[in-house]
Amino acid sequence: MIAKNDRAAWLKGSSAVCSVIPEVHNQVSRFILLGAPGVGKGTQAELLSSRLGACQLSTGDVFRAAKTLCEGDRSPAIKGALDFMKRGALVPDTTVLDMVRERKGCLKCRGGFLLDGFPRTVAQAEALEKLLKAEKIPLTAVLNYDLPIERIVARIAGRRTCSKCKAVFHTVNLPPKKEGVCDHCGSALLQREDDRPEAVRVRMEAYEKSTKPLIDFYQKCGLLVTVTADGSPEEIYERTLKELEDGGTGSD
């Protein structure tokens, strides 16, 4: 395994220094990750990061970390994003793009990157394409983790969360020793409201509607690699590598 980077430059801004300097690889991996909630994209991001050395660059993590930064350490883009978030409004494309531009040094990282949560729209994808082209940073591929909606509903609907310690179980894949009771603290296991089948379907339909144009965009660019997200995390990881090899995508 490759030493894990704390992503300080990404989370705190380009003036910060990461704890681990990535090794130089013969082939640098630069991916955009797509996938519906519950498809297992996060687990694949961890595997790709730990084995290929590429940093997982999640815009959501930046926004969460921004709340802990002192006022003097907040960039104009971060301040703008926090203002929108405080009002309960979506952070607009322009603000997200400004935040990514402030961290363009992370896109040049010699260890590569995994962009997670960005781009979310075609407008963001077009702006990112211009940024990468200007900085002479080639993308390896856009990994689209795909699973039929019924499978995702079953996967998410089976999740149970501890009411106290927040440990997560699954009625089929990771059942507790005693039904409805947390193995760790003995508290009751609950199903979150947004994990109920009807709520999951609404989320999936919204995701498919918003992401379809993005998938079409990267398909036309010749960068899209669709991976069936069925099986164990290890099986999906190996399938990802095979799809990349078969697709003939890659960068130096």
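The values are calculated or read from the model by the stated rules, or taken from the named source; none is laboratory data. Just so it is clear, the structure is predicted and the values come from calculations on it, not from any experiment. Counting neighbours? That spans all protein chains shown, and the Cβs are built from the backbone with ideal geometry, glycine included. We work out accessible area using only protein heavy atoms, side chains counted, and drop any ligands, DNA or RNA first. Shrake-Rupley method; radii C 1.70, N 1.55, O 1.52, S 1.80 Å.
Largest to smallest in accessible area, the residues His184, His170 fall in the order His184, His170 (1.4 Å probe, all protein chains included). Taking the chain as a Gaussian network of alpha-carbon nodes connected by springs under 10 Å, the highest mean-square fluctuation of the residues Val172, Val62, Val142 belongs to Val172. Of all the options Glu46, Glu238, Glu208, the one that moves most in a Gaussian network model of the chain with Cα springs shorter than 10 angstrom is Glu238. With the simple model of a label 7 Å out from the Cα in the direction of the Cβ, Glu126 to Glu150 spans 3.8 nm.
Less than 5 angstrom separates the built amide H of Leu57 from those of Leu114, Leu115, Asp116, all sequence-distant by 5 or more or on a different chain. Extending 7 Å from the Cα toward the beta-carbon at both Lys79 and Arg51 defines two label points whose distance is 4.4 nm. Against the longest alpha carbon principal axis of the chain, how many degrees, from 0 to 90 and to the nearest 10, is the axis of helix 93-102 turned? Rounded to the nearest ten degrees, it is 60. Couplings for region 205-219, taken from phi via the Karplus curve 6.51 cos²θ - 1.76 cosθ + 1.60 with θ = phi - 60°, read 5, 5, 5, 4, 5, 7, 8, 3, x, 5, 4, 4, 4, 6, 5 Hz in order; Gly and Pro are left as x.
R0 = 35 Å: FRET efficiency of Asn173 with Ser210, Cβ-based, nearest 0.05?
Values: r = 28 Å, r/R0 = 0.79.
Computed FRET efficiency for Asn173 and Ser210: 0.80.
Solvent-accessible area of Ile156, all protein chains in place: 0 Å² (probe radius 1.4 Å, heavy atoms, ligands and nucleic acids excluded).
With a 1.4 Å probe rolled over the protein heavy atoms of all chains, the accessible area of Leu107, Leu69 falls in the order Leu69, Leu107, largest first. Using the Cβ of Glu245 as centre and a radius below 14 Å, the other residues enclosed give a net charge of -1, where K and R count +1 and D and E count -1.
Once you have a ≥ b ≥ c as the square roots of the Cα gyration tensor eigenvalues for region 82-151, tell me rounded if a/c is under 1.5, and otherwise prolate or oblate according to whether a/b is larger than b/c.
Numbers: a/c = 1.95, a/b = 1.05, b/c = 1.85.
Oblate.
Using Cα pairs under 8 angstrom and six or more residues apart, how large is the relative contact order of the chain, in percent? Write down the numbers at each step before the final one.
Numbers: 359 pairs, mean separation 61.2, N = 252.
Computed over the chain, the figure is 24 percent.
Taking all protein chains together and rolling a 1.4 Å probe, Ser210 ends up with roughly 60 Å² accessible.
Remark: spin-label model distance Thr228-Cys185 equals 4.0 nm, labels positioned 7 Å along the Cα→Cβ axis. For Lys4, go through the lysines and keep the ones whose alpha-carbon is under 19 Å away, minus same-chain ones fewer than eight residues off. The reachable lysines, counting only those whose Cα sits under 19 Å from Lys4, are Lys12, Lys41, Lys108. For region 37-42, backbone phi angles converted through the Karplus equation (6.51, -1.76, 1.60; θ = phi - 60°) give residue-by-residue couplings of x, x, 7, x, 4, x Hz, Gly and Pro being listed as x. Dipole check for the chain: with +1 at the C-beta of Lys and Arg, -1 at the C-beta of Asp and Glu, and the Cα centre as origin, the magnitude is about 700 Debye. If the segment from Thr94 to Glu193 were pulled out straight at 0.36 nm per residue, it would be longer than the present Cα-Cα gap by 32.4 nm.
What a 1.4 Å probe finds exposed on the chain is 53% carbon and sulfur by accessible area, rounded to a whole percent. Result for the chain in a Gaussian network model with C-alpha springs under 10 Å: among Phe118, Phe31, Phe169, the largest mean-square fluctuation is at Phe169.
For Asp146, Asp61, what's the largest-to-smallest order of accessible area, 1.4 Å probe?
Details: Asp146 80, Asp61 40 Å².
My answer, sorted largest first, is Asp146, Asp61.
With all protein chains kept in place, the per residue accessible area of region 165-252 amounts to 65 square angstrom at a probe of 1.4 angstrom.
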